[in-house]
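Engineer: Sharing a structure, written as structure tokens. Questions coming.
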Amino acid sequence: MQEKGARGQWSWILRSRLLVVVISRGCLSRIIAQVRLSSEYLWSCAYLAEAIVEVELFLCTLFGYKPFRTIFPVHL
């Protein structure tokens, strides 16, 4: 995980070849995280729901609670 350093909503960035997670302190808005999944990761899942559940479990582990989720448009 790297600190973003500049001002703005996102304070930290967690990168891997399969996903990018940006994390906020929640000061500027109530959104505390944004997850972007690679097409490679999405194609490895049998269903889109599988990817959503896995990301949700990851965020529960990361934050210690189940965050409310909003799914934004998928760009393929």
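Engineer: Taking the range 34-53, which residues are more than 11 Å from the chain's Cα centre (by Cα) and not polar (S, T, N, Q)?
Structural biologist: Across the range 34-53, the qualifying residues are Glu40, Tyr41, Leu42, Trp43, Cys45, Ala46, Tyr47, Leu48, Ala49, Glu50, Ala51, Val53.
Engineer: Within the set of pairs 6+ apart or on separate chains, which have a first residue in the range 28-48 that is aromatic (Phe, Trp, Tyr), a second that is assigned to a strand (DSSP E or B), and C-beta atoms under 7 Å apart?
Structural biologist: Correct list of pairs: Tyr41/Leu19.
Engineer: Something else now. Which pairs turn up if I take residues in the range 57-69 that are over 15 Å from Ile31 (Cβ atoms) and look for partners that are of a type in the set (Lys, Arg) and modelled with pLDDT under 85 with beta carbon separation below 7 Å, at least 6 apart in sequence or on another chain?
Structural biologist: Qualifying pairs under 7 Å: Cys60/Lys66.
Engineer: Related question: Any residue in the range 1-27 that's under 17 Å from Glu40 (Cα atoms) and of a type in the set (D, E, K, R): show its pairings with residues that are loosely packed, with under 15 Cβ neighbours inside 10 Å and modelled with pLDDT of 70 or more at Cβ separation under 7 Å, as long as the two are six or more apart or on different chains.
Structural biologist: What qualifies is Arg17/Ser38.
The values are calculated or read from the model by the stated rules, or taken from the named source; none is laboratory data. No experiment lies behind these values; they were computed from the predicted model shown. With ideal geometry, Cβ positions are generated from the backbone for all residues, glycine too; neighbour counts draw on all protein chains shown.
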